[in-house]
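This report refers to the structure that appears directly beneath it.
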Amino acid sequence: MSEQKVAGLAKAVREQTDKAEEYDLDNYSEEAAGELMTACFAQPHPAGAPLRCSFVIGGGKSIRGRYDPNLYRGIAAALKAIGFDEDSGASLGSSAAFKSQHDTGRNVKVVHVFPPLAHAPDGQHGDAAGEGAAVPLAADSPLYRLIEAENVETFGVLCEEGGVRTYAQLSRLLKNLAPYIALLKRVDEKMMGGQPLSPAEEAWAAITTTDSLAAKAAHVQMGMKGLVERGELSAAEKAQLLRTTAPKLEALEIELAAARSEGKEKRVEKLAQQRDALIAARTSAEGSRPPNRALPPPAAAEVAKLWAQVLAVRAIEASAKQANQLLSLEQARQVGQLPELLARIDAIAEGARGWFESDEELGARVALAKGAGAGAHKKAADRQAARTSQSAGWTTSGSTARSLGAAKKTATKPGGGKGGAFAALAGDD
């Protein structure tokens, strides 16, 4: 891999202005892919709005040989070395994050990178204060709208409209609110100390307050608590809660033991309440049953219908290939529509995506709809097979009847008359 090729692609990525672009890393080595990531993302991206830079790193049998099997390892190592986090829930608007995805529609493996931006563009607010800084946000982005919400009631309505209903989504929202709460706290401290504010800090101070964001964060936490208590966690959410609360529980036990040894009764009582609440949450999570999180009915019905069509077209392809036959003109036309069918499914799914919903979570909801489509396809295929079998049975019966009739006619010929063989015998008398 030449340095010139790496530099050329890095230049294209650095000049990206569309919110989502895809780049192919065929024939890149693990080392070259790492160098590319460093060249592209070591410095904040100069774009004027949040970006998603996607890199194809592999796929099905037909293209697998073009890609180094260790590409992801090289990319992940390079990105982590420059401060990026691997986050399966990252989406457009995330900053300094990346994730891998298997695009089943196209059967390719992709890495999505969400770079930090160098400046907050017009109509956006951010803080370039360094590590832990708030990410620049477009005024129409979900997070900005939630931060800007006049009160907790409006905040809750927006969350419902944006489909923010699961533990994972609420957890990401809480995480995304954290840097802005920290920013507003710094604003409060500067104002108390009579220090000048940066333009970004002045912009945020004009639209919200520390108390407002703290109240919204508390609302999110209450929503998460309710989901845990009702046992409405997916398997992944359950594992996440148990994983993240284990060290917290251990730390509380240590603090509780120290407070008891020091005779601090009030602190003992407070820590014991926190420990008991955490244990109760873990117990509720362990008893959770994965909820059925389907797409909205209209979207689910349309995806099921389209997926049944996709399976029917794939069956045509497979049948022709197995029989080593060429497709008819009509079959070729149907096969040619396959990319459009898959693109329509992707578009419907994206339209049903909730705020802060990961690709994996959306994919699971789409899979439910595809399952319904697969069931419909199987029923249609079974009906067709039954009709074909019945038709074949009629053909066999007709052929048999015709054969018997022919045999009967043949048998009458030796006697030459109505009586047949018996009449011939009678004439011998």
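Scanning the stretch 145-184 for residues that are of a type outside the set (A, V, I, L, M), in contact (Cβ under 8 Å) with a residue 12 or more places away in the chain and over 20 Å from residue 95 (Cβ atoms) yields 151, 155, 156, 159, 163, 165, 166, 167.
Contact annotation: no residue pair with Cβ atoms under 7 Å, 6 or more positions apart or on different chains, pairs a residue in the stretch 344-362 that is assigned by TED's automatic domain parsing to the domain that holds residue 169 with a partner that is crowded, with 16+ Cβ neighbours inside 10 Å and at pLDDT below 90. Looking across the stretch 142-154, the residues that are farther than 22 Å from residue 296 by Cβ and either out of contact with any Ser or Thr (no Cβ under 9 Å at 6 or more places or on another chain) or surrounded by 12 or more Cβ atoms within 10 Å (Cβ to Cβ) (or both) come down to 143, 144, 147, 148, 149, 152, 153, 154.
Take the conditions outside any loop (DSSP other than H, G, I, E, B) and either buried (at least 16 other Cβ atoms within 10 Å of the Cβ) or at pLDDT 95 or above (or both) and apply them to residue 347. Does it pass? Answer is no for this residue.
Considering the conditions (1) more than 30 Å from residue 228 (Cβ to Cβ); (2) assigned to a helix (DSSP H, G or I), residue 280 is excluded by exactly one of them, (1). Pairs are defined by a Cβ separation below 6 Å, a sequence spacing of at least 6 or placement on different chains, a first member in the stretch 90-113 that is modelled with pLDDT of 85 or more, and a second member that is hydroxyl-bearing (Ser, Thr, Tyr) and in a strand (DSSP E or B); the pairs so defined are 110/54; 111/100; 112/54.
Among the residues making up the stretch 42-73, those that are of a type outside the set (S, T, N, Q) and farther than 24 Å from residue 91 by Cβ are 60, 61, 63, 64, 65, 66, 67, 68, 69. The condition of being on the phi < 0 side of the Ramachandran plot and surrounded by fewer than 18 Cβ atoms within 10 Å (Cβ to Cβ) holds for only one of 34, 74, 83, 48, that being 48. Each residue in the stretch 252-281 was checked for being loosely packed, with under 15 Cβ neighbours inside 10 Å, among the small types (Gly, Ala, Ser) and more than 34 Å from the chain's Cα centre (by Cα), and 5 of them qualify. In the stretch 27-55, the residues that are within 16 Å of residue 12 (Cα to Cα) and among the acidic types (Asp, Glu) reach residues that are at pLDDT below 95 and surrounded by fewer than 22 Cβ atoms within 10 Å (Cβ to Cβ) with C-beta atoms within less than 6 angstrom, at least six apart or across chains, in these pairs: 35/6.
The values are calculated or read from the model by the stated rules, or taken from the named source; none is laboratory data. Since the model is a prediction, treat every value here as computed from it, not as a measurement. Every residue, glycine among them, receives a Cβ derived from its backbone with ideal geometry; neighbour counts consider all protein chains shown.
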